[in-house]
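*Asks:* My structure is below; once you've seen it, I'll send some questions.
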Amino acid sequence: KQWYQRRVAITAGMEGKVCGLGRLGCQDTKYNDEALWAGNFSTWPNCPISKDYQSSIPNTNGENDNLKCEVSARPCCVGLQGECIIVSQEECEFKQGFFHENNTLCSQVSCITDICGLSGFLLHDIPDQFYRAILPTFMHAGIIHLLITLVFQFYVLHDIEKITGWWRIAIVYLSSGIGGTMLSAILIPYQPEIGASGALYGILAALVVEVIVNWQLYRSPILELVKLLIPITIFFLFGLMPWIDNFAHIGGFVFGFLTSFVVLPHITFSEEDRIAKLVVKIVAGVMAIVLFVLLFIIFYLAQDATCEGCKYLNCIPFTESFCQDASQELRPRVGA
């Protein structure tokens, strides 16, 4: 809705003549109604004039000159924001954009559909590809990126999966990946998101929860907790560098922490301990659901949401251009 409203606001009051487009030049009889060509030209039908018909158009004191001109530039969709510009095909290819050779105006194309690709949208120009919240967890930027994930899964995920069971750890892994992706997409919407870092942080959170709920089983639980928190802190500090998504790490850790309390098995040492852990499990489950619903609402309904100062959790700008090249700047999402 907001994407559509902004497009209407941008194109409001755009009236005049368009090269190669007009009622007299349209040979499709279903567009003969003069009312279709009145007012704002962003609402005109997509019916460009053919070159064979150009020469037969009458010219009355230059009134129809716009129908006789040659169209050399057409809509081109470029950039992650789906920006539409009117350029030649050569320039569009240079910008690695999507050229629309059969259209004349930007209002006639859907740049968001071009940029996003895959299955398109159920509603025109409304970003509703819900499965994208899951896809980044299973996508990687190359062999090295994939190997890092596999090594982590082999040495860390493998052991905790044997202890807790595959379905429990699958819930923690997927919820952490989705939660991290949602938080990242809200705060840095124009940065491509791939990788399982949010899900991996959720597994680290599960290890922390494992120590907490089984505190009495460890000879030195504080030492075990510190041994986990030190690498987690180091990884978080690495996330302050460009091209590393700390928001996905934070979101994944939070969701992994909450869901681990709910699904991981634990030992009770007394009736009071059992009741206390049951209360914690219920509270953690409610918090996880509320947090997910809140992120979902912000992402799909409050598209202009942003967070002042949050960028320093993701990338510290030691120089003016240190974080800019990685598209780390935070700004509200807007329509094309």
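The values are calculated or read from the model by the stated rules, or taken from the named source; none is laboratory data. All values reported here derive from a predicted model rather than from experimental measurement. Please note: Cβ atoms are built from the backbone with ideal geometry, for glycine as well, and neighbour counts cover all protein chains shown. Side chains included, ligands, DNA and RNA excluded: accessible areas come from the protein's heavy atoms. Shrake-Rupley method; radii C 1.70, N 1.55, O 1.52, S 1.80 Å.
*Asks:* Is there any pair with a first residue in region 158-172 that is under 10 Å from ILE203 (Cβ atoms) and modelled with pLDDT of 90 or more and a second that is open to solvent by 30 Å² or more (accessible area, probe 1.4 Å) and among the charged types (D, E, K, R) whose Cβ atoms are under 7 Å apart and which are 6 or more apart or on different chains, and what are they?
*Replies:* These pairs meet every condition: ILE169/GLU161.
*Asks:* Only one of (1) closer than 17 Å to ALA205 by Cβ; (2) more than 19 Å from the chain's Cα centre (by Cα); (3) assigned to a helix (DSSP H, G or I) is not met by VAL279, so which one is it?
*Replies:* With (1) closer than 17 Å to ALA205 by Cβ; (2) more than 19 Å from the chain's Cα centre (by Cα); (3) assigned to a helix (DSSP H, G or I) applied to VAL279, the lone miss is (1).
*Asks:* Sticking with this structure for a sec: Have a look at VAL78, VAL87 and point out the one that is farther than 21 Å from PRO192 by Cα and not acidic (Asp, Glu).
*Replies:* VAL87
*Asks:* I would also like to ask the following. Filter region 75-104 for residues that are in contact with a helix residue (DSSP H, G or I) (Cβ under 8 Å, 6 or more places away or on another chain), in contact (Cβ under 8 Å) with a residue 60 or more places away in the chain and open to solvent by less than 20 Å² (accessible area, probe 1.4 Å); which is farthest from ARG132 (Cα to Cα)?
*Replies:* Taking the candidates together, the pick is CYS77.
*Asks:* Could you tell me which residue of region 167-214 is farthest from the chain's Cα centre (by Cα), considering only residues that are among the aromatic types (Phe, Trp, Tyr) and surrounded by fewer than 20 Cβ atoms within 10 Å (Cβ to Cβ)?
*Replies:* This residue is TRP167.
*Asks:* Go through region 95-146 residue by residue and tally those that are closer than 27 Å to PHE247 by Cβ, part of a helix (DSSP H, G or I) and either in contact with a strand residue (DSSP E or B) (Cβ under 9 Å, 6 or more places away or on another chain) or not basic (Lys, Arg) (or both).
*Replies:* Matching residues across region 95-146 total 17.
*Asks:* Does ILE134 count as at pLDDT 90 or above and at negative phi? First the steps, then the outcome.
*Replies:* Values: at pLDDT 90 or above: no; at negative phi: yes.
Judged against the criteria, ILE134 is not a match.
*Asks:* In this structure, is CYS106 modelled with pLDDT of 90 or more and more than 30 Å from ILE232 (Cβ to Cβ)?
*Replies:* For CYS106, the condition - modelled with pLDDT of 90 or more and more than 30 Å from ILE232 (Cβ to Cβ) - is not met.
*Asks:* Residues in region 291-304: is at least one of a type in the set (Val, Ile, Thr) and either in a loop (DSSP other than H, G, I, E, B) or modelled with pLDDT under 75 (or both)?
*Replies:* No: zero hits.
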